[in-house]
Structure formats: C-alpha cells, structure tokens
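Following: one structure in structure tokens, then a few remarks.
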Amino acid sequence: ERVLRACQQGVVRTVEGQDLAIEFDSICLHSDTPGALDLVEATRKALDAAGIVVRAPR
C-alpha cells in the first residue's frame, strides 16, 4: 500500500501522520525482514496490477 501510494501519488505518510511529497527512482525491501519473500511477491504483484513498470537500475 505504501509503495503503491508513493508510485501513484508521489507522497508518503510521515510518522506524524502528514503527507510528504517525494521523488524516487527505487524502492528497497530488506531480505532480512521476517516474511521478506512474501512481501516482495505481494509488492511486485500489486505494482504489476497497477500497471507500474519494474526494471533493473541503470
């Protein structure tokens, strides 16, 4: 949900609950997070469903 919102709307929510406009070229999903593989798969599926192109960095 956070990644999609950032990609689609260009905003993230701060810990104070405010929206912050951002520009970014990549996302980072830490492989040592419990359930990381499930998180990666769900994130990729959501990005694909939203028509957001995922590609290797240049």
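Every number here is computed from the coordinates shown, using simple stated rules; none is lab data. All figures in this text were calculated on a predicted structure; none of them were measured in a lab. When we count neighbours, we look across all protein chains shown, and the Cβ atoms used for this are built from the backbone with ideal geometry, even at glycine.
Here's the yes/no breakdown for (1) over 24 Å from R58 (Cβ atoms); (2) under 14 Å from the mean Cα position of the chain (by Cα); (3) in a strand (DSSP E or B):
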site: C7; (1), (2), (3): no, yes, no
site: V15; (1), (2), (3): yes, no, no
site: S26; (1), (2), (3): no, yes, no
site: S31; (1), (2), (3): no, no, no
site: L37; (1), (2), (3): yes, no, no
site: V40; (1), (2), (3): no, yes, no
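Taken over the chain, residues that are loosely packed, with under 10 Cβ neighbours inside 10 Å and among the basic types (K, R) amount to 2.
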